[in-house]
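Chemist: The structure under discussion is supplied below as structure tokens; questions concerning it will follow.
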Amino acid sequence: MNKIGILGCGVMGEALAKAMLKKTEGKNIFLFDIDTERTKKLAEKFSCKIAASSKDLVKTVDFLLLAIKPIHVKNLLTEIASEYYQKKSVLISIVAGIQIESLENMLYSALPLETEEKRALPIIRLMPNVSVLVEEGMIAFSSNDAVQTKEKDFVIDILEKTGKIELVPENLMDAVTAISGSGPAYGFLFIEALADAAVLLGIPRKQAYIYAAQTLKGAAEMVLETGEQPGVLKDSVCSPGGTTIEAVKKLEEKGFRSAIMEAAEAAFKKSRSLGKK
């Protein structure tokens, strides 16, 4: 069985480790993070193994998941470049904004190689969202030409229990980041606002969150299950002269759609800027 290394044990590192354990044993997953206490707790929780260092992690595994913040990527890749190059493992990055070509260049620049000596580096880029924690995530998947079909298939299989996985051209990754990567936060805000409205109208807080969250979950399922356009489904709820069309009118007056579009555009621009630093 392939060995998988997770470099970075934050929320997403933990979420993906949890999903992987649906398809493999803990003994096949190796962890490393400078936060040794968190790494230890995670290893105990999932029965995974702990690497002594980032370099030892790279030497051990066949697939290396990079789950760190963008500002740390260059230093980390410089540190592990030699071990990664020798091991010929597949690098899987979930780092926002950093393109595959940039990852390649960071690794090459840390190696004492002539141009003609450089071999292709297999790199996969993923954009997951936090909903993988409850197996309802959305993951976008891109890779360079050095990644073999069997390697792609393994990564897709090992993450099958996270939710949905879609192959996308890498030039769409910043847009994906803005929509599904950041999207759960937009959903949480909407649920919170709808729950506040429920409390305002007399519904107890605990029930308010259930009503709001289940309502949004149900609406999302209807879009996915029926295949209908959201506008068609919206129209089916809006009876002539009824309560829903009155609410929709108010949302339109307050710029609901525009606010969401502008928020996503801001996230898109931020993702682009991260890749240029």
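Chemist: Just check the stretch 140-192 against the gyration tensor rule for me: Cα atoms, a ≥ b ≥ c as the square roots of the eigenvalues, rounded for a/c under 1.5, and otherwise prolate or oblate depending on whether a/b exceeds b/c.
Modeler: Judged from the Cα gyration tensor, the stretch 140-192 comes out oblate (a/c at least 1.5, b/c at or above a/b).
Chemist: Now, a different point. Karplus couplings for the stretch 51-61 from phi (6.51 cos²θ - 1.76 cosθ + 1.60, θ = phi - 60°), rounded to Hz, Gly and Pro as x?
Modeler: 7, 6, 7, 5, 5, 5, 4, 4, 5, 8, 9
Chemist: Follow-up. To one decimal place, what Kirkwood hydrodynamic radius in Å is obtained for the stretch 183-276 from all pairs of distinct Cα atoms?
Modeler: Final number for the Kirkwood radius of the stretch 183-276 is 15.3 Å.
Chemist: How do 1, 12, 222 line up, fewest other C-beta atoms within 10 Å first?
Modeler: The most exposed by this proxy come first: 1, 222, 12.
Chemist: On to the next question. If I stretch the segment between residue 101 and residue 235 completely, what's the gain in nm (0.36 nm per residue apart, minus their alpha carbon distance), one decimal?
Modeler: Additional length available on full extension: 43.8 nm.
Chemist: Test of understanding: what is the full-extension gain from residue 86 to residue 149, defined as 0.36 nm times their sequence separation minus their Cα-Cα distance?
Modeler: 20.6 nm
Chemist: Hey, another quick one. Mind jotting down the three principal axis lengths of the chain based on Cα atoms? Whole angstrom, largest first.
Modeler: Extents along the principal axes, in whole Å: 72, 40, 31.
Chemist: Which one of 99, 43, 148 is farthest out on the positive end of the charge dipole of the chain, using unit charges on Cβ (Lys, Arg +1; Asp, Glu -1) and the Cα centre as origin?
Modeler: Final value for the positive-end residue is 43.
Chemist: In this model, which of 234/270; 22/87; 18/41 are farther than 23 Å apart at the alpha-carbon?
Modeler: Checking Cα-Cα distances, 234/270; 22/87 exceed 23 Å.
Chemist: State the answer as a single residue: which of 133, 177, 120 lies farthest towards the positive end of the charge dipole of the chain, with beta carbon charges of +1 for Lys and Arg and -1 for Asp and Glu, about the Cα centre.
Modeler: Result: 133.
Chemist: State to the nearest 20 debye the size of the charge dipole of the chain about its Cα centre, where the only charges are +1 on K and R beta carbons and -1 on D and E beta carbons.
Modeler: 660
Chemist: Relative to the longest principal axis of the chain, what angle (0 to 90°, nearest 10) does the C-alpha long axis of helix 100-109 take?
Modeler: It works out to around 30 degrees.
Chemist: Given Cα pairs under 8 Å that are at least 6 residues apart, what percent is the relative contact order of the chain?
Modeler: 16
Chemist: To the nearest 20 debye, what charge dipole does the stretch 183-276 have about its Cα centre, counting +1 at the Cβ of each Lys and Arg and -1 at the Cβ of each Asp and Glu?
Modeler: 440
Chemist: Name the aspartates and glutamates eligible as straight-distance cross-link partners of residue 217: C-alpha to C-alpha under 17 Å, and not fewer than 8 places from it in the same chain.
Modeler: Within the straight-line cut-off, residue 217 pairs with 135, 136, 192, 225, 228.
Chemist: In deg cm²/dmol, rounded to 500, what helix-only [θ] at 222 nm does the chain give when every DSSP H run of at least 4 residues adds -39500 (n - 2.57) and the total is split over its residues?
Modeler: That calculation yields -16500 deg cm²/dmol at 222 nm.
Chemist: If the chain between residue 47 and residue 164 were fully stretched, how many nm would it gain, using 0.36 nm times the residue separation less the Cα-Cα distance?
Modeler: So the chain would gain 39.5 nm between residue 47 and residue 164.
Chemist: May I ask what percent, to the nearest 5, of DSSP beta bridges between residues of the chain are antiparallel?
Modeler: Once the DSSP bridges in the chain are tallied, antiparallel ones form about 15 percent.
Chemist: May I ask for the distance between the Cα centers of the stretch 109-188 and the stretch 200-254, given as a whole number of Å?
Modeler: 32
Quick note: the coordinates plus some simple rules give every number you see, no bench work behind them. Everything numeric here is computed off the predicted structure, so don't read it as measured data. As a convention, Cβ positions derive from the backbone with ideal geometry for all residues, glycine included, and neighbour counts pool all protein chains shown.
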